[in-house]
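I have placed the structure first, in the form of structure tokens, so that the comments after it can refer back to it.
The values are calculated or read from the model by the stated rules, or taken from the named source; none is laboratory data. Since the model is a prediction, treat every value here as computed from it, not as a measurement. A quick note on method: Cβ atoms are made from the backbone with ideal geometry, for glycine too, and the neighbour counts reach across all protein chains shown.
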């Protein structure tokens with residue numbers, strides 16, 4: 001579910017597969033940007049890479065070459081209707097939103113080194129709810145260098161300023177804030193990639209800092225958001241061994257240190273997280289592939305009053321089938337248990353997630369995409385004492401027609417529904433968007 005809500009920035013970073021979805025939760029772009037650096041999180045998402053270390057930047061067009069530098073510009077504009085902009089069950093508010101984004105990727109390729117710079121911006125103007133309009137921006141610099149034929153080093157650093165569309169929803173008061181919650185994310189990461197005849201080893205390190213700005217409320221007071229600030233430092237390893245041309249074994253591990261301030265004078269929620277995953281990839285034919293993994297998470301808080309978890313298991317399976325060159329089908333399942341970091345202490349979450357995707361390309365101009373995702377989850381919050389149940393349904397359909405090499409029209413409908421034992425966490429929304437994309 002990486003990059004679900006900010007596709008234009010995801011395009012620049014090369015981590016989003018379905019451009020077009022733009023609202024309503026700006027916070028998910030944080031996931032999109034940090035996925036390159038944070039490795040496996042406490043809540044894994046179905047279809048994540050086994051080890052999402054710094055990714056190679058991708059581009060959508062053919063680019064324009066100036067000497068040794070190649071530029072890939074992109075501009076998009078559109079209009080959408082959102083049936084529930086605050087994502088709540090009662091007092092539902094709908095609106096029409098005018099959106100636009102601009103971005104550019106610049107690459108410079110030398111015999112053994114490739115450097116890439118990307119910057120993107122996103123703008124949303126609400127027709128009725130003017131105070132909720134916002135602008136997001138992100139920049140990223142990446143470097144890849146081949147030291148020897150079997151050793152490559154890559155590094156990335158980036159900064160983003162993004163808005164959390166739901167504001168202070170944690171306090172069940174999204175309409176009491178005079179402005180959306182703003183995050184500034186800084187990150188840096190690097191990996192060493194060793195490639196041998198039948199095996200590959202990746203070793204990575206990454207750091208991410210997230211700062212939340214204070215929020216001005218409608219009554220003129222200011223709500224301090226420092227308790228949300230985070231510092232994360234992680235070390236990753238990923239080893240893959242090809243048993244045969246059809247079967248590969250996977251072994252990944254991550255150690256992460258997290259620093260989080262305590263809210264309202266409470267204890268700091270600093271913790272160490274240890275994650276291990278083992279599994280296998282199957283490439284049975286050019287048309288069929290699969291991946292199965294089993295993982296465990298251990299989270300240890302420095303403050304013993306917050307609790308210490310046991311090893312929490314997670315099981316994941318992904319199947320990809322390409323029956324012909326026109327059709328791509330992807331199915332996945334994720335079952336397990338994860339730790340949840342609440343302000344009151346450490347809790348747990350038991351979840352089952354099922355997803356599917358169908359991409360049909362009848363010709364070079366037309367692409368039809370359908371995505372479905374269902375997640376059921378039971379969350380144990382130590383501050384509440386009772387478990388809360390969530391069922392989340394996501395349905396997304398899109399039609400993209402490329403009028404020429406550089407222009408495309410896109411129509412998309414997204415349905416999102418959350419059914420919760422807590423009515424304050426339930427909502428239903430439908431978003432319909434039409435957009436024009438120009439890229440070179």
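Looking for whichever is without any contact (Cβ under 8 Å) to a residue 60 or more places away in the chain and part of a strand (DSSP E or B) here; the options are 197, 240. Which one fits?
Step by step, each of 197, 240 is checked, and only 240 is without any contact (Cβ under 8 Å) to a residue 60 or more places away in the chain and part of a strand (DSSP E or B).
When the residues of the stretch 364-390 are filtered to those that are modelled with pLDDT of 85 or more and either out of contact with any strand residue (DSSP E or B) (no Cβ under 6 Å at 6 or more places or on another chain) or not in a strand (DSSP E or B) (or both), which remaining residue is surrounded by the fewest Cβ atoms within 10 Å (Cβ to Cβ)?
364
Could you say which residue among 291, 357 is modelled with pLDDT of 90 or more and either assigned to a loop (DSSP other than H, G, I, E, B) or more than 30 Å from residue 409 (Cα to Cα) (or both)?
It is 291.
Only one of (1) modelled with pLDDT of 85 or more; (2) under 22 Å from the mean Cα position of the chain (by Cα); (3) crowded, with 18+ Cβ neighbours inside 10 Å is not met by residue 257, so which one is it?
Result: residue 257 fails condition (3) only.
Quick grid of which residues meet (1) within 20 Å of residue 136 (Cβ to Cβ); (2) surrounded by fewer than 16 Cβ atoms within 10 Å (Cβ to Cβ); (3) in contact with a helix residue (DSSP H, G or I) (Cβ under 8 Å, 6 or more places away or on another chain); (4) at pLDDT 90 or above:
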site	(1), (2), (3), (4)
37	yes, no, no, no
51	no, no, no, no
55	yes, no, yes, no
63	no, no, no, no
78	yes, no, no, yes
100	yes, no, no, yes
114	no, no, no, yes
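What pairs come up if the first residue lies in the stretch 154-171 and is on the phi > 0 side of the Ramachandran plot, the second is at pLDDT 55 or above and part of a strand (DSSP E or B), and their beta carbons are under 9 Å apart, counting only those six or more places apart or on different chains?
Listed by first residue and then by second, the contacts come to 167/177; 167/181; 167/215.
Matching residues to (1) surrounded by 15 or more Cβ atoms within 10 Å (Cβ to Cβ); (2) modelled with pLDDT of 90 or more:
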{"site": "248", "(1), (2)": "yes, yes"}
{"site": "252", "(1), (2)": "yes, yes"}
{"site": "265", "(1), (2)": "no, no"}
{"site": "269", "(1), (2)": "yes, no"}
{"site": "282", "(1), (2)": "no, yes"}
{"site": "298", "(1), (2)": "yes, no"}
{"site": "311", "(1), (2)": "no, no"}
{"site": "332", "(1), (2)": "yes, yes"}
{"site": "338", "(1), (2)": "yes, no"}
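Okay, residues lined up against (1) assigned to a loop (DSSP other than H, G, I, E, B); (2) in contact with a strand residue (DSSP E or B) (Cβ under 8 Å, 6 or more places away or on another chain); (3) surrounded by 18 or more Cβ atoms within 10 Å (Cβ to Cβ):
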| position | (1), (2), (3) |
| --- | --- |
| 204 | no, yes, yes |
| 207 | no, yes, no |
| 231 | no, yes, no |
| 236 | no, yes, yes |
| 245 | yes, yes, no |
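Starting from residues that are within 21 Å of the chain's Cα centre (by Cα) and over 22 Å from residue 95 (Cβ atoms), keep the ones in the stretch 391-432 and report whichever is modelled with the highest pLDDT.
Only one residue tops the list, namely 393.
Would you confirm whether any residue within the stretch 123-136 is free of Cβ contacts under 8 Å to residues at least 12 places away in the same chain and not in a strand (DSSP E or B)? Walk me through it before giving the result.
Our first condition is that a residue be free of Cβ contacts under 8 Å to residues at least 12 places away in the same chain; within the stretch 123-136, this holds for 130, 133.
If we keep only those that are not in a strand (DSSP E or B) too, we end up with 130, 133.
Looking for residues that are free of Cβ contacts under 8 Å to residues at least 12 places away in the same chain and not in a strand (DSSP E or B), one finds at least one in the stretch 123-136, hence yes.
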